[in-house]
Every structure is written in C-alpha cells, then in structure tokens.
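Worksheet for the structure shown next.
The values are calculated or read from the model by the stated rules, or taken from the named source; none is laboratory data. These figures come from a predicted structure and were not determined experimentally. A quick note on method: Cβ atoms are made from the backbone with ideal geometry, for glycine too, and the neighbour counts reach across all protein chains shown.
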Amino acid sequence: MEYKRLGKSGVQVSALSFGSWVTFGNQVESGIARECMHYAYDNGINFFDNAEVYAQGKSEEVMGKIISEAGWSRDSYLVSSKVFWGGEKPNQSGLSRKHVMEACHAALKRLRVDYLDLYFCHRPDKSTPMEETVWAMHNLIQQGKVLYWGTSEWSAQEVQEAMMVARENHLIGPTMEQPQYNMLVRKKVEVEFYKLFRDYGYGTTIWSPLASGILTGKYNNGIPKGSRLTLDELSWLREKLLNDANIAKVVELNTLASDLGTTPANLAIAWCLKNPFVSTVITGATKLDQLKQNLGSLDVVGKLTDDVMDRIEGILDNKPSMPAY
C-alpha cells in the first residue's frame, strides 16, 4: 500500500480507502461488511469513510460495530463522517451550529469512537452564515471531537470563503474536499480546484472512481438486476452518466485494459491515482472479490505511461480546458 499526506496536513492516508455509501446497512449484509473491512485493514487501507445520511445512520452503526469488535489500535486507522442530511424536521439538516454539533455527537456514538479523524460538510448550506459553520467546526476541533475538517461537493469559491473566514478570525479552516472524480467527471478536480491544490495544498478524498460501476463495463448491455443504479435514490446518477456516448467510451476502454493485461475497473482506479492532487481514492464493494480486485489497481499505475495516457485521452475526448492561471 502507498500512503500520501492528506493535502498539506501531516496525516498520512492510504492511496486506496474504503467507503460504505449505498452498501453498509443497505446492499451489504453485516458479515460481508466485516469481511471487507478486515481485509482492507489487513492490506494497508487505513481510511474508512462514512456519513450520517448513509442508510439513515445504519451505515455508521455497522461500521462502528465492526471497528469496536476488531480491537484495532486507534492510531492505526482514520474514520470519517459527513454532516448535512440528518432528518426531515427543522434543525435536523444543514450546517447550523446546532446540527453540526449534534450530528457529530450522534456519529461518534454510532461509530463507537471518541473522535472523528475527518469531518466533512457534505454540501454547502446557503441558509447558514459561513462564519457559523466555520466556528462550529473549529470548536469541535478544540474540543478534541474532530481532528481535521473539510468539504464535500462545495465550489472552489465557497471553500475560499470558508478559508477567508478562518484566517480573519484565527480559526482552523477546511483542508480537504471530497468530490466525485473519474474518467467521465473531471472538470471540478482538474480545473475548478486547481488553484486550491496548487496554492493552498488542499487535499482530496475522491468518490465514485468507477462512475458508480459504469467504468467496469457491467452496464454495457443494460442495467443488471441488483446493481446500485437500480436504486431509486441514484436515479440522478443513472440519468447523468448512463448514456450511449459513455457506454461507447467504456467499450473502447475495455479493449485498452485488455491490452494492458488488466481489468477495466483497475484501469479506471489507476487513472485516478495518477493525478498528483488525489490524496486517496475511496472504493466500495458489495463482495470481497470486488475489494480484492480494486486493490490490484495499485499495480496498474506504473503501466500508465505517457503514451497510454494519450490513448486514454483520445478515447475519453473530454479533457477540460484550463484557464490561464
């Protein structure tokens, strides 16, 4: 396993990490979840990602039980949660001081830990002053309940606003973003956040490196029964990514992967790892074999020579244009 600094922070995170979105407490039974987490940990993965909204808290409960029973030394792994969608009643969602504090306490209880290594604001909250959110996160760090905080699916402008609030008030600001990033979704990481990476050392914990499975080729001939894109809550992803143009690209990528002696999934994950601004790639699995295969992507990065990367760009034909910074 390779380890990288999370942005400019001192903490080291495994190049591949393990997340529980739409799996724990939903698609995956607790026995399989335990098997996957133990295998991930035993093979060097030290970051486990979660959120209050995943399976309405059940995902954190499943993960917390596994961690508690495993007896792993607390300094040998990182665990995260994300705050925004906690419930439907007033004050159960958003980034107000009240919800941020209460959501953190609830996550600590479900995950059975004394502190969160990473705590993300899952979305920006237009109805809460930025000062209130930054102060709430700063206070959690001062209280020892959170070590580092970051953002997820924020715009670069919103992140810079949070940084400015932190600087003006001598507070601890955000240090990482959790964006979607893969061969089909590139602009935010490669263009919008470029200056934050270059000038501020902002870290990334990217999600959906396989574009919800599309890049594996499993959807080339339709949507398989039981796959995640059959879920109603993921209809937005299905509509956004599952189209004829993307499938045509995946077919060509499958051929390239075969030429390299690897799988389409490993090629897609390795491509993400190739980006120097990616701190860690969050992977997921509904069965142990998937996790084992994903770990093989580490061996593929070295095969992505300049010529191979050029060939990939020719297939994707979606490289975002960089402004003159």
- Message: Return the residues of segment 112-133 that are out of contact with any helix residue (DSSP H, G or I) (no Cβ under 8 Å at 6 or more places or on another chain) and of a type in the set (A, V, I, L, M, F, W, C); say none if nothing qualifies.
- Response: LEU118, PHE120
- Item | Selection count where residues are on the phi > 0 side of the Ramachandran plot and assigned to a helix (DSSP H, G or I), scope segment 60-99 | 0
- With respect to GLY57, is the statement that it is out of contact with any Asp or Glu (no Cβ under 8 Å at 6 or more places or on another chain), in a helix (DSSP H, G or I), on the phi > 0 side of the Ramachandran plot and of a type outside the set (Lys, Arg) true? yes
- Those residues of segment 13-36 which are over 16 Å from the mean Cα position of the chain (by Cα) and either over 19 Å from ILE269 (Cα atoms) or modelled with pLDDT under 90 (or both) amount to GLY25, ASN26, GLN27, VAL28, GLU29, SER30, GLY31, ILE32, ALA33, ARG34, GLU35
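Are any of the residues in segment 96-110 of a type in the set (S, T, N, Q), over 17 Å from the mean Cα position of the chain (by Cα), within 27 Å of THR133 (Cβ to Cβ) and surrounded by 15 or more Cβ atoms within 10 Å (Cβ to Cβ)?
Taking every residue of segment 96-110 in turn, at least one turns out to be of a type in the set (S, T, N, Q), over 17 Å from the mean Cα position of the chain (by Cα), within 27 Å of THR133 (Cβ to Cβ) and surrounded by 15 or more Cβ atoms within 10 Å (Cβ to Cβ).
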- Query: How many residues are assigned to a loop (DSSP other than H, G, I, E, B) and touching a residue at least 60 places away in the same chain (Cβ under 8 Å) when one looks only at segment 140-175?
  - Reply: 2
- Task: Would you be able to say whether some residue in segment 272-289 is crowded, with 22+ Cβ neighbours inside 10 Å, within 30 Å of ARG198 (Cβ to Cβ), aromatic (Phe, Trp, Tyr) and within 23 Å of the chain's Cα centre (by Cα)?
- Result: no
- Task: Would you mind finding the one in TYR200, TYR194, TYR148 that is crowded, with 22+ Cβ neighbours inside 10 Å and hydroxyl-bearing (Ser, Thr, Tyr)?
- Result: TYR148
- Task: Might you check whether a residue that is of a type in the set (Gly, Ala, Ser), on the phi < 0 side of the Ramachandran plot and out of contact with any helix residue (DSSP H, G or I) (no Cβ under 8 Å at 6 or more places or on another chain) occurs anywhere in segment 156-169?
- Result: no
- Taking segment 115-139, which residues are in contact with a strand residue (DSSP E or B) (Cβ under 9 Å, 6 or more places away or on another chain), part of a loop (DSSP other than H, G, I, E, B) and within 11 Å of PHE84 (Cβ to Cβ)? HIS122, ARG123, PRO124, ASP125
- Does LEU241 fit the bill of being in contact (Cβ under 8 Å) with a residue 24 or more places away in the chain and either surrounded by fewer than 19 Cβ atoms within 10 Å (Cβ to Cβ) or farther than 29 Å from ASN50 by Cα (or both)? no
